[in-house]
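Q: Quick one: this structure, given as structure tokens, is what I'll be asking you about.
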């Protein structure tokens, strides 16, 4: 059993690198998907209900509820509404920022200081995303007759959001490692 624990104890650096790779993949992929209508419309409840982000949209919550398509569904009238609402424009901007954060984190081997900044930005982004648990009604199972609704019953949207706790932790770990390497390269006497 000690052999197993000794082996596991030596995996810390590999775990940090896997965390960094995971952050980069998720950020590039999810950020890239923000260029597509279904993903842009999918974030509308989060943005429309956020007191710090809702100004990006033309229409106030809960107006969007009448104009939501299911993933893969095509309704031209809803697409037009989302164009007027600035749904797509906001999503393109957000996606660009998310991709940029992923690219910053990916620069770790060459520019660890830049990567540390990317991880810090990912930490902030994860905090903002987690705030949606408080501001977005769609993150909880609605009261439609069953006794299992509201807190602590996460809906699909809520389950998507709560996963950002993992990104929060991974970004702190990768930020700390990148900052340490950056400082060591600038001043070899720093441990």
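Q: Restricting attention to segment 138-150, does a residue exist that is within 11 Å of the chain's Cα centre (by Cα), modelled with pLDDT of 95 or more, exposed (fewer than 14 other Cβ atoms within 10 Å of the Cβ) and under 25 Å from residue 41 (Cα atoms)? Can you show your working first?
A: Of the residues in segment 138-150, the ones within 11 Å of the chain's Cα centre (by Cα) are none.
Within segment 138-150 (the criterion being within 11 Å of the chain's Cα centre (by Cα), modelled with pLDDT of 95 or more, exposed (fewer than 14 other Cβ atoms within 10 Å of the Cβ) and under 25 Å from residue 41 (Cα atoms)), the answer is no, since none of the residues qualifies.
Q: In segment 26-39, what residues are over 20 Å from residue 68 (Cα atoms) and without any contact (Cβ under 8 Å) to a residue 60 or more places away in the chain?
A: 29 - this is the single residue of segment 26-39 that is over 20 Å from residue 68 (Cα atoms) and without any contact (Cβ under 8 Å) to a residue 60 or more places away in the chain.
Q: Next question, about the same structure. Pick from 113, 118, 158, 102: which is within 21 Å of residue 51 (Cα to Cα) and either touching a helix residue (DSSP H, G or I) at 6+ places or on another chain (Cβ under 6 Å) or modelled with pLDDT under 95 (or both)? Quick ask: steps written out before the conclusion?
A: On the way: 113 fails: within 21 Å of residue 51 (Cα to Cα); 118 fails: within 21 Å of residue 51 (Cα to Cα); 102 fails: within 21 Å of residue 51 (Cα to Cα).
After ruling out the rest, the residue left standing is 158.
Q: Search segment 40-70 for residues being in a loop (DSSP other than H, G, I, E, B) and under 19 Å from the mean Cα position of the chain (by Cα), and hand back the single one that is farthest from residue 131 (Cα to Cα). Please lay out each step first, then the result.
A: Just the residues of segment 40-70 that are in a loop (DSSP other than H, G, I, E, B), to begin with: 43, 50-53, 57-62, 68-70.
Within this subset, residues satisfying the condition of being under 19 Å from the mean Cα position of the chain (by Cα) are 43, 50-53.
Details: 43: 14, 50: 8, 51: 10, 52: 10, 53: 11 Å.
It comes out as 43.
The values are calculated or read from the model by the stated rules, or taken from the named source; none is laboratory data. Since the structure is predicted, the reported quantities are computational estimates derived from the model, not experimental observations. With ideal geometry, Cβ positions are generated from the backbone for all residues, glycine too; neighbour counts draw on all protein chains shown.
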